[in-house]
Amino acid sequence: LVLIAANNVAAFAPLVTRPTKRATFAQMSATSEERLEELKELDRLFSLQVTRELAASQVYLSGSIWCDRNDLVGMSHFMLMESNEEREHALAFVDFGMKRDITIKLDSVPAPAADWDTPEDLWSDLLECEKTNTASLMHLASVAQKVGDFAVSTFLMPF
C-alpha cells in the first residue's frame with residue numbers, strides 16, 4: 001500500500017490491482033502450463049455438472065408429468081420435489097462458481113423421455129440418470145483433489 005496525500009486528505013492506494021480469487025490460488029500453487037490446463041479442465045467439469053443437474057431436473061419433471069397423467073399422484077408429487085431439488089443443486093453450483101470466479105458455460109439440456117410403458121421403466125431411467133450424475137460428481141471431485149482446489153472439494157461434499 002502507498003499513502004497518498006492530496007488536499008490534506010490521506011488515503012491508501014494498492015500498489016497493484018487485486019487478482020481474481022482463482023488467479024491468486026493458481027499463483028500460490030504453481031504457474032506451469034500443465035497446472036493452468038488442469039484448472040481449465042476443472043472449470044469445464046464444473047460447468048458440465050451444472051448441465052447434468054439441470055438435465056436430471058428435467059427427467060424428474062417429465063416423470064412427474066407422466067405419473068400425473070397415469071393417476072400416480074404420490075409418485076408425481078415425489079418426482080416434482082426431486083426435480084426442484086436437482087434444480088437447486090444446479091443453482092448452488094452456479095452460486096458457488098460465481099463466488100469463486102469459475103467461468104460457467106451452460107450447455108443445452110437434452111429433452112428427456114416423455115413416455116414410459118410402466119412405472120418400473122421410469123424408475124429405471126431415473127436410476128441411470130442418478131448413476132450418470134454421481135459418476136460425474138465423483139470425477140469432478142477427483143480432479144478438484146488432483147489440482148488441490150480444496151474449496152471445490154469441500155463444496156462437493158454434501159452432493
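Key figures for this structure:
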quantity	calculated
Contacts under 7 angstrom Cβ, first residue in the range 20-47 being assigned to a helix (DSSP H, G or I), partner of a type in the set (Lys, Arg) and modelled with pLDDT of 85 or more, 6 or more apart	21/100; 22/100; 38/146; 47/105
Lone qualifier among 135, 144, 113, 90 - being open to solvent by 30 Å² or more (accessible area, probe 1.4 Å) and either in contact (Cβ under 8 Å) with a residue 12 or more places away in the chain or charged (D, E, K, R) (or both)	113
Within the range 30-63, tally of residues that are farther than 21 Å from residue 151 by Cβ and touching a Ser or Thr at 6+ places or on another chain (Cβ under 6 Å)	3
Per-region count, the range 122-132, residues surrounded by 13 or more Cβ atoms within 10 Å (Cβ to Cβ) and either of a type in the set (Asp, Glu) or over 16 Å from residue 65 (Cβ atoms) (or both)	3
Condition met for residue 149 (buried (at least 17 other Cβ atoms within 10 Å of the Cβ), touching a helix residue (DSSP H, G or I) at 6+ places or on another chain (Cβ under 8 Å) and not aliphatic (A, V, I, L, M))	yes
Identity of the residue in the range 35-57, among the hydrophobic types (A, V, I, L, M, F, W, C) and more than 27 Å from residue 78 (Cα to Cα), that ends up most open to solvent (accessible area, probe 1.4 Å)	36
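The values are calculated or read from the model by the stated rules, or taken from the named source; none is laboratory data. The shown structure was predicted, so the numbers you read here are calculated from the model rather than taken from an experiment. With ideal geometry, Cβ positions are generated from the backbone for all residues, glycine too; neighbour counts draw on all protein chains shown. Each accessible area value is taken on the protein alone, full model and side chains, heavy atoms only, with ligands, DNA and RNA left out. Shrake-Rupley method; radii C 1.70, N 1.55, O 1.52, S 1.80 Å.
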